[in-house]
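Enquirer: Below: one structure in structure tokens.
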Amino acid sequence: MGNPRPKPKRLAEKLRAIRQALGLSQTQMLKRLEHEEKMHYGRISEYEGGKREPTLMTILQYARVAGVHLEDIVDDELDLPAKLPGKVRYRGVKSKSTSRKKAR
């Protein structure tokens, strides 16, 4: 069967901190992750309670929404920035505010 992969001990805490720092409800967080069609908002609660671990792609979406590096979320030795959203901008990913401005 093999050894299970190591899991970040602080992942749940950091996911909750991201949502709270952004001032979002669990339902709003699901929308910001662009997962409202894929999963129930209760899944956010499971992630934040450590009952379930999000997929790598979901963690990447958290990083993009929070404006932080993926490592900031998954590395237990790193703390999240004091102010969220952070200043990290992912190349090739347009922010919603930029897209809205161009549409006007």
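The values are calculated or read from the model by the stated rules, or taken from the named source; none is laboratory data. Because the structure is a prediction, the values reported are computed rather than measured. A quick note on method: Cβ atoms are made from the backbone with ideal geometry, for glycine too, and the neighbour counts reach across all protein chains shown. Surface accessibility is based on the protein's heavy atoms, side chains included, excluding ligands, DNA and RNA. Shrake-Rupley method; radii C 1.70, N 1.55, O 1.52, S 1.80 Å.
Enquirer: With springs connecting C-alpha atoms under 10 Å apart, model the chain as a Gaussian network and identify which of 42, 23, 92 has the largest mean-square fluctuation.
Expert: 92
Enquirer: Give me the percent of accessible area attributable to carbon and sulfur for the chain, probe 1.4 angstrom.
Expert: 50 percent
Enquirer: Another question, if that's okay. For a test of understanding, tell me how many lysine pairs in the chain have Cα atoms under 19 Å apart, given they are 8 or more places apart or on different chains.
Expert: Summing the qualifying lysine pairs gives 11.
Enquirer: Follow-up question, since we're still on this one. If you count only protein heavy atoms with a 1.4 Å probe, what accessible area per residue comes out for the chain, rounded to a whole Å²?
Expert: That works out to 72 Å² per residue.
Enquirer: What residues from region 9-36 fall in the zone where the backbone N is under 12 Å from a label point 7 Å along the Cα-to-C-beta line of residue 75?
Expert: none
Enquirer: What distance in nm separates the simple spin-label points at residue 57 and residue 83, each placed 7 Å from Cα in the Cβ direction?
Expert: 3.4 nm
Enquirer: Quick one: compute the contact order of the chain, relative version, from alpha carbon pairs under 8 angstrom and 6+ residues apart, as a percent.
Expert: 28 percent
Enquirer: Rounded to the nearest 500 deg cm²/dmol, what is the calculated helix-only ellipticity per residue at 222 nm for the chain, with -39500 (n - 2.57) per DSSP H run of length n ≥ 4?
Expert: That calculation yields -13000 deg cm²/dmol at 222 nm.
Enquirer: Mind jotting down a quarter of the surface of the convex hull over the alpha carbons of region 14-79, in square nanometres, one decimal?
Expert: If you wrap the Cα atoms of region 14-79 in a convex hull and average its projections, you get 4.0 nm².
Enquirer: Further question: Anyone know which of 62, 41, 90 comes out most mobile in the 10 Å Cα GNM of the chain?
Expert: It is 90.
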